[in-house]
Every structure is written in structure tokens, then in C-alpha cells.
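J.: Okay, here's the structure, questions in a sec.
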There are 2 protein chains.
Amino acid sequence: MPDNALPTIAVLGGTGKEGNGLALRWAHKGHPVIIGSRSAERAQEAADAMNATLGTGNARGATNPDAAAAAEIVVLSVPFAGQQAAVAEVAGHLQGKILIDVTVPLVPPKVSVVQLPNGGSAVEAVQTMLGDGVRVVSAFQNISAHHLAHLDQEMDCDVLVCANDPAAADTVVELAREIGLRAWNAGPLANSVVAEGLTSILIALNRRYKVPGSGIRITGI
Amino acid sequence: MPDNALPTIAVLGGTGKEGNGLALRWAHKGHPVIIGSRSAERAQEAADAMNATLGTGNARGATNPDAAAAAEIVVLSVPFAGQQAAVAEVAGHLQGKILIDVTVPLVPPKVSVVQLPNGGSAVEAVQTMLGDGVRVVSAFQNISAHHLAHLDQEMDCDVLVCANDPAAADTVVELAREIGLRAWNAGPLANSVVAEGLTSILIALNRRYKVPGSGIRITGI
């Protein structure tokens, strides 16, 4: 790993488009990044490709539990159907850390319709699973994976950051700003239902107005 | 009433800030507007004040049921606690019409925390109450009442319009554009949970970042 004062970030599900895009952006800014996957081999392949793209050695691959164990900040970016299983698998490695949950509760095939799990936000269930020893933060659900993957692409979308611990939210706001995203502390995890649902609305707008990646901006601040 | 081809709009709860601001904007653009209230007298006072402000005679007052009966398009802008009672009171006058629901499920005192009624959007319950003969549309929850009230104020906020009938949504998108608001057809009523919840987030942002009226813009379209 590079000799670097920036915290190490593990991205569980980092071989997927959204997680990979976030990992790429943080590695590009000098963070040691661990790409997590169910397969250590696929994780390492993704890390090798990222290092080749960036011309650095900031990324490495690992299984999700190994990635979570070795990182100071852990990002969860897996399909909604696998969210709780992924959390259960790494729970023992998260105590005292920040877990940034990027999961969007999309329920195929109607991914453009908001379908809330048990009528609330998906991330609240994760906080309940993990208990107060893990500071769970919801963020990045609305950022186009396509835009993340292209380092020269302006990302015209703000990040709503929700957490029951405001200091943890502030840390994630700063991590977002590091990669060029404007981010806002938007209140407790209960408010994440808006960020989670908004992804379905952006998908609906992309289809109806035939654009590749709509987003949102907060105005008036 | 003025001789005018524009449809008549009733705003139930039109003596409240948000409803009054919307009524003012439509009356300013030439719509015959009926301000509805539980009290016909308070409604007429509000209409008189509006006519004095605008120098026109476009507004008149009535009880909520009389207002609903006389209008082609009905807007509901009442506190969340009174939403379902207000709908029940006017249901018989809504058949075949569009009902635009502006209600935000704010639950005092924690109005900056998203608190969904029964885990879904408030407006879906209204559509269920009224049946398919009324085309219920959700819109305008995120527009600052302060900005609506000042005709010279730029409204730097988009409108998310949700309806199970896309043509009804398109009609409301057009009504929003008439008063200078950019609006988007954001899918079925299930998606309104985002617009309803977003108001709590904007309140949270107003408090945290000490601004009077934050809003949202859709980007990338």
C-alpha cells in the first residue's frame, strides 16, 4: 500500500459499476482503496485494471470480509437483494468504523417506481442490524455510475448524506467533496428514504426525457 | 368572474401560506381562482386582499366544498393532520376532475425528520379514498411559500409531479410552467414519497445551513 496519510477505504461490491466508480475516484485522489468482492480473484482483477487506468498502485483486491477488516472506512455498494447478507458477513469487522451505505432499494422489474422496504429506508435496517457501535451513513445513491467512471466528466449532482451521528455525516460530506461532489448533511437516517427513492425518480426521468444521467442540485444555499 | 378561457382553479386551504401563494400566482396569470377555507368569510377576506395586490378581480372566496364544486381543477393545501377530513368533505365535488395534492406529511415537532404515514406517500391514501373517478396529482410540496408570495422573486426550485394518470401529470406540469416553475413528470403516485419527504430535508438544510428557502433542481435534462 502507498505510504499515505489518507484513510484506507474498502468498497464492498467494488466490482459493480457504482462501487467501482467511487473506488476509482478515491484512489485517484490518493486514498488506499480495497476493492471487495465475493471473489478475491475478481476483486484483484478490478484493482489491477484500476491501477492501470490511474498509473498508481493505490488499489488492491480482497474478499468483502478481508476488505472490511483492513479498512478504516467501509463502503457498501451491492444490489439491494444482497444488502443484508453482505452486512451480516462483515459485521464483525465494522465495530468503531463508519459504514457508508450506497444501496438503493430498487425492486426489478419496476426500478422506476419507488418501492420502500417495509415502508422505510433500507439503511435504517442496516443500522439496526449493526447496533450503535457502527456509525452507518447513507450517501451517493443518486450519483450516476457512468459519470463516476469518467474522470474528466463533471458530476452535476449533489450528494444527500444522512446519518444518526452528525459527525460521521460530516466525514462523508468531506469524502464526497474530495472527489468533486457537492454534499449536504441532510439529517438522520430516516431522511435517507428520500435519497433512496430519488434514484427511482431519476431513472423515470432518464427514460421519459431520454437522457443518460439526470441528477439533483440543492439550491438556495 | 373575468371572461377568461383559462380553467378555474380552487385552492382548498387557500388562506394558508403555501395555498395562498399558489393561488396568487395563478390569479396573476389570469386564472379565475377560488380561495377555499373552512370559513367563507376568511376566504373572501383573503380573496379581497389578493385582488387588491394584483389590481384584478380574478379571486373570490368560498367554503372548501363550494370552491371544489365550482372549479375545474382543485388544489388541496391543508395541514397534514386535516388532509383526509378535507378530502372527505369535498369528495362528492371532485368526480371527473383533477385534484392536485400539495400536502406534506410533516409531523410536529420533528418536521425536519421524514415521517411517512404508514410507510408510504400521503397522497396515495387520498387516491384510494377518492377512487379512479378523480385524477389525483401530487405536486408543489417543495416550493417555498415565501418565494411564491413575492411575485418578483425567482423561484429556484423544480416541481416533481406524480400521478397514476400521465396525462393529468402533464396538465399540472403545464400549470406549474405557467407560473414560472420548471416541472417534471416524475412517475406514479408511489414516487410522491420522495417529494413529500424532501420537504423535511429542505427544512433540515434551511436550519443547518441558515438559509430561508433551499430547493432542488433536476440536472442533466
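J.: Any idea what diffusion coefficient the range A:33-143 gets from Stokes-Einstein, in µm²/s, Kirkwood Rh on alpha carbon pairs, 37 °C, 0.692 mPa s?
T.: After rounding, the answer is 221 µm²/s.
J.: From the label point of A:PRO109, set 7 Å along Cα to the beta carbon, how far off in nm is each other copy's matching point, shortest first?
T.: Those label-point separations list as 5.0 nm.
J.: Between the range B:93-118 and the range A:122-137, what's the alpha-carbon centroid distance in Å?
T.: One Cα centre to the other: 28 Å.
J.: Sort all Cα-Cα distances of the range A:96-147 into consecutive 5 angstrom bins from zero, then give the percent of pairs in each bin up to the one containing the longest distance.
T.: Spelled out per bin, shortest first, that is 4, 18, 22, 24, 16, 10, 4, 0.
J.: Also, I was wondering about something else. How many nm is it between the label spots at B:ARG217 and B:ASP48, if each spot is 7 Å from the Cα in line with the beta carbon?
T.: About 4.2 nm separates the two model spin labels.
J.: Something else now. Can you give me the Kirkwood hydrodynamic radius for the protein assembly as shown, using every pair of distinct Cα atoms, in Å to one decimal?
T.: Numbers: mean 1/r = 0.0438 Å⁻¹.
Final number for the Kirkwood radius of the protein assembly as shown is 22.8 Å.
J.: Also: Roughly what % of DSSP beta bridges within chain A run antiparallel, to the nearest 5?
T.: Within chain A, antiparallel bridges account for around 10 percent of the total.
J.: Ranked by Cβ crowding within 10 angstrom, fewest neighbours first, how are B:SER192, B:SER144 ordered?
T.: Lowest to highest Cβ neighbour count: B:SER144, B:SER192.
J.: Then there's this: What residue of chain B sits with its beta carbon nearest the rotation axis taking B to A, and at what distance in whole Å?
T.: Here the value is B:GLY119, 1.
J.: Please state the relative contact order of chain B as a whole percent: Cα pairs under 8 Å, 6+ residues apart?
T.: About 18 percent, as a whole number.
J.: Next up: Averaged over its residues, how many other protein chain Cβ atoms are within 10 Å of peptide A:188-196's Cβ atoms?
T.: Taking the mean over all residues of the peptide, I get 6.
J.: Another question, then. Starting from the exponent 0.38 and prefactor 2.2 Å, build the expected Rg for chain B from its residue count and divide its actual Cα Rg by it.
T.: Normalised by 2.2 N^0.38 Å, the Cα Rg of chain B equals 0.94.
J.: Another question, if that's okay. Count the DSSP beta bridges whose two residues both fall in the protein assembly as shown, then state the antiparallel fraction as a percent rounded to the nearest 5.
T.: Of all bridge pairs located within the protein assembly as shown, approximately 15 percent are antiparallel.
J.: Expressed as cubic angstrom per residue, what is the convex hull volume of the alpha carbon set of the range A:1-89?
T.: 74
J.: Moving on to the next point. For a 31 Å ceiling on Cα separation, which of these pairs sit above it: A:LYS110/B:LYS17; B:LYS17/B:LYS97; A:LYS17/A:LYS210; A:LYS17/A:LYS110?
T.: Distance filter (> 31 Å) returns A:LYS110/B:LYS17.
J.: Rounded, prolate or oblate: pick one for the range B:121-161, where a ≥ b ≥ c are the square roots of the eigenvalues of its C-alpha gyration tensor, a/c under 1.5 means rounded, and failing that, prolate if a/b is larger than b/c, else oblate.
T.: Since a/c reaches 1.5 and a/b is larger than b/c, the shape of the range B:121-161 is classed as prolate.
J.: What is the mean number of Cβ atoms from other protein chains located within 10 Å of the Cβ atom of each residue in peptide B:151-157, rounded to a whole number?
T.: Working: counts 0, 0, 0, 0, 1, 3, 3.
Rounded to a whole number, the mean comes out at 1.
J.: Which GluC sites (Glu not before Pro) in the range B:28-113 sit in a loop by DSSP (not H, G, I, E or B) and have at most 16 other Cβ atoms within 10 Å of their own Cβ?
T.: B:GLU72
J.: Still on this structure: Rounded to the nearest 0.05, what FRET efficiency is calculated for B:ALA5 and A:ARG207 with R0 set to 25 Å and r the Cβ-Cβ distance?
T.: Numbers: r = 34 Å, r/R0 = 1.35.
It comes out at approximately 0.15.
J.: At a 10 Å Cβ-Cβ cut-off, how would you order B:ILE201, B:ILE34, fewest neighbours first?
T.: B:ILE201, B:ILE34
J.: What size of dipole, in debye to the nearest 20, comes out for the protein assembly as shown about its Cα centre when the only charges are +1 on Lys and Arg C-beta atoms and -1 on Asp and Glu C-beta atoms?
T.: Result for the protein assembly as shown is approximately 100 debye, rounded to the nearest 20.
J.: Sorted by packing (mean other beta-carbon atoms within 10 Å per residue), highest first, where do A:13-19, A:154-160, B:178-184 land?
T.: Details: A:13-19: 22.9, A:154-160: 20.3, B:178-184: 18.3.
With the highest mean Cβ count within 10 Å placed first, the list reads A:13-19, A:154-160, B:178-184.
J.: Under the rule of -39500 (n - 2.57) per DSSP H run of 4 or more residues, summed and divided by the residues of chain B, what mean residue ellipticity at 222 nm is obtained, to the nearest 500 deg cm²/dmol?
T.: Counting only the DSSP helices, I get -12000 deg cm²/dmol.
Any read-out appearing in this document is the output of simple, stated calculations on the displayed coordinates, not a laboratory observation. Quantities reported herein were computed from a predicted structural model and do not represent experimental measurements. Heads up, the Cβs are rebuilt from the backbone with ideal geometry, glycines too, and the neighbour counts pull from every protein chain shown.
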